[in-house]
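Okay, structure first, notes after.
The values are calculated or read from the model by the stated rules, or taken from the named source; none is laboratory data. Because the structure is predicted, anything quoted here is derived from the model rather than measured. Glycine gets a Cβ as well: all are built from the backbone with ideal geometry, and neighbour counts include every protein chain shown. Just so you know, the surface numbers come from the protein's heavy atoms only, side chains and all, with ligands and any DNA or RNA stripped out. Shrake-Rupley method; radii C 1.70, N 1.55, O 1.52, S 1.80 Å.
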Amino acid sequence: MDEKLELVVHIHKDASMGAYTTKTLMDDLKDKDNKIKSYVEEIHKKYQEFADKAKNILLDNDINPEEEGLVSKMMSSMGIKKEVKADNSDSAISDMLIQGISMGVIEMEKKIKAYSDNCEKEYVNLAKDFLKFQQKAINELKKYL
C-alpha cells in the first residue's frame, strides 16, 4: 500500500471502531434514562462521518478498507456491557468514553507526526480534523463527570 494513505487507513480504523462502540453503547442505554444519551449519539454520528470520508478516499485509491476484527469488536462490546451493567450513571459512561477516546487521541497524534511529511495535505487535514473532534468530545464529556 502507498505510504501516503497510511494515515487515512488509521483514520478509517479508528473512526469505524469508534462508531461501532458508540452504537453498542447507545443500544445498551436505549431503555435507560441517561442525560448523556443524546451526546453519545452526536459522537456516534461524527465517528461515522469520519469513517465514511476515510473509506471513500481509500476506495477512490483502489484500496478496500479493512474493518476491525471480530475479536476486537466482541471484546469491546463485552467491556461496554460489563461497564454499563456495573454502573450506568452519566459520570461512569463519560469516564469510559473519555478513556477510550483518549487512547484514540494519542494514536492519532503519533500517526500525524509519523506520516504528515509523506501525506497529501488533504489527508493530514482530515486527520487533524478528526483529532480536533476527539479532543472536543473529551472536553464535552467532562461536563458529565
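Candidates in the stretch 59-93 are the residues that are under 18 Å from D27 (Cβ atoms) and touching a Leu at 6+ places or on another chain (Cβ under 8 Å); of these, the one that is most open to solvent (accessible area, probe 1.4 Å) is N88.
Only a single criterion out of (1) open to solvent by 60 Å² or more (accessible area, probe 1.4 Å); (2) modelled with pLDDT of 90 or more; (3) in a helix (DSSP H, G or I) is not satisfied by V40, namely (1). What number of residues in the stretch 94-122 are in contact with an Asp or Glu (Cβ under 7 Å, 6 or more places away or on another chain) and open to solvent by less than 60 Å² (accessible area, probe 1.4 Å)? The total comes to 4.
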